[in-house]
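**Q** Quick one: this structure, given as structure tokens, is what I'll be asking you about.
No value in this document is a laboratory result; all are computed from the given coordinates. Here the structure is a predicted model, which means the values were calculated and not measured. Every residue, glycine as well, gets a Cβ built from its backbone with ideal geometry; the counts of neighbours run over all protein chains shown.
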Amino acid sequence: MKNGEFVTNWVIEQVKKNYADDIALVVSHTTLRIDTDEDAVSFFVPITQRGYEFGRTFILNGEGFDIWGIPWERLERFAELEEYNTTVLAEAKVLYARSKEDEEYFEELRKRLGENLQNRKKMRACALEAYAQAKEIYLQMLFTKGSEVKLGAGYVLDYLARSIAFSNCRYFKQSQTNQLEELGTMEKVPEGFGEKYLQVIKETNGEEQKALCYQLICQVQEFLEALEEQQEREEVKEKNFQDLADWYGELSYTWLRIRHYASKQDYIKIYMWGIYLQEELRQVCGDFGLEKQELMDYYEPDKLENFVKQADLIEEKIRQAIEAGGGKIHEYATKEEFLNEV
């Protein structure tokens, strides 16, 4: 009998005999074991303080075992993707249940996890959180040497890979140990990410590792931005373009300001009104699924005519989008026209 089978049988027997009122489930999670086909015990679900005390760590015939307790509350966090132990719940198998209700609730949590994995908005938030964590680790790496660089580089890879997996509404069945192979089964992965990932692992020079991690972070940032733009375009179908028309009516005076201050060569006011309009454009283009409009790239204090030309071009694109979407701009050529309508 294998060690895993022996320990599993012993755990179930002990729970039935001595912890029937203290432990709800005994569960197997094997994707991180060397023998992934072995249904060996991994964790249990304690429901009393005495149940927690059953947890133990030991080595049997040279093989280590960590029998740990996970309460319902923490499993619920796994299901809501509030804690990254997705595989522990998703790839689990109940070996013993105190009651049918306990097993049904466990399966309900697994179902809830599956639904959350299909929630694009939720997974987008998880992807951004993982990406932010990778950047934070990278910043700490910059001030380290030796083993600390390799440690940081490994976690940068892990979190960036998670960000990509979450963007595909997926998780890693084998956590951080088989990421390249699992990424190979996903639809949306930055081109060349796998090759750069391997370069980081093969690189022995700490400064080179830092440089490679920086390149990967930039690559994933561009990947996430492109996905966001695509998702925003897909979500724009139900938008009311009259709202865009009203926004334009409010912001039209800013275009007038830009033309006026450009004629006066007042580059300070042009700059400040320019950043205001750029921020408004960033928001409204995202809200209505419009192509991203770059204005401040055209700012040069001694060539304001180029800036005005770009501002006018963007204004015309906004007007065309309003018309195409069915919105109406409330504008009047004369005071009489205004009085006749209002």
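**Q** Ratio of Rg to Rh for the chain, alpha carbon only, Kirkwood?
**A** 1.15
**Q** I've got another one for you. Grab the DSSP H runs of the chain that are 4 residues or longer, score each as -39,500 (n - 2.57), total them, divide by all residues and round the 222 nm result to the nearest 500 deg cm²/dmol.
**A** -20500 deg cm²/dmol
**Q** Specify, per residue and in Å³, the volume enclosed by the convex hull of the alpha carbon atoms belonging to the stretch 239-341.
**A** In the stretch 239-341, the Cα convex hull volume per residue is 99 Å³.
**Q** Using a simple spin-label model with points 7 Å from Cα along the Cα→Cβ vector, what separation in nm is obtained for residue 300 and residue 181?
**A** For residue 300 paired with residue 181, the spin-label model returns 5.5 nm.
**Q** Residues with amide H under 5 Å of residue 41's amide H, sequence separation 5 or more or different chain, H placed in the peptide plane at 1.01 Å from N; which?
**A** 8
**Q** Pairs of Cα atoms under 8 Å, at least six residues apart: use those to get the relative contact order of the stretch 104-160, whole percent.
**A** Averaging sequence separation for qualifying contacts and normalising by length gives 32 percent for the stretch 104-160.
**Q** Kirkwood hydrodynamic radius of the stretch 184-267 from all distinct Cα pairs, in Å?
**A** Value: 17.5 Å, from the Cα pair sum.
**Q** OK, next. Say R0 is 51 Å: what FRET efficiency, to the nearest 0.05, do residue 77 and residue 202 get from their beta-carbon distance?
**A** Efficiency at R0 = 51 Å is approximately 0.90.
**Q** In square nanometres, what is the average projected area of the Cα convex hull of the stretch 113-265?
**A** Dividing the Cα hull surface by four gives the mean projection, 13.7 nm².
**Q** So, one more: Against the longest principal axis of the chain, how steep is helix 120-141, in degrees 0 to 90 to the nearest 10, with axes from Cα atoms?
**A** 80
**Q** If each Cα of the stretch 87-182 is one equal point scatterer, what is log10 of I(q)/I(0) from the Debye formula at q = 0.11, 0.24, 0.25 Å⁻¹?
**A** Each listed q corresponds, in turn, to -0.44, -1.16, -1.20.
**Q** Can you give the charge dipole size of the stretch 121-235 about its Cα centre, rounded to the nearest 20 debye, using +1 on the beta carbon of Lys and Arg and -1 on the beta carbon of Asp and Glu?
**A** Magnitude of the dipole: close to 380 debye.
**Q** Using the basic label-point model (7 angstrom from Cα toward the beta carbon), what is the residue 118 to residue 151 distance in nanometres?
**A** Placing both labels 7 Å beyond Cα along the Cβ direction yields 4.1 nm.
**Q** For the chain, take the longest principal axis of its alpha carbons; what is the angle in degrees between that and the long axis of helix 193-202, to the nearest 10 within 0 to 90?
**A** 50
**Q** Here's a follow-up. Between 0 and 90 degrees, rounded to the nearest ten: what's the tilt of helix 267-287 against the longest Cα principal axis of the chain?
**A** So the inclination is approximately 50 degrees.
**Q** I want to verify the translational diffusion coefficient of the stretch 3-117 in µm²/s; compute it with Stokes-Einstein, Rh as the Kirkwood radius over Cα pairs, at 37 °C and 0.692 mPa s.
**A** 229
**Q** So how strong a dipole does the chain carry about its Cα centre when Lys and Arg Cβ are +1 and Asp and Glu Cβ are -1, to the nearest 20 debye?
**A** 600
**Q** For labels at residue 100 and residue 279 in the simple 7 Å Cα→Cβ model, what's the distance in nm?
**A** 6.0
**Q** Taking the number of other C-beta atoms within 10 Å as the exposure measure, put 113, 157, 128 in order starting with the fewest.
**A** Listing 113, 157, 128 from fewest to most nearby Cβ atoms yields 128, 113, 157.
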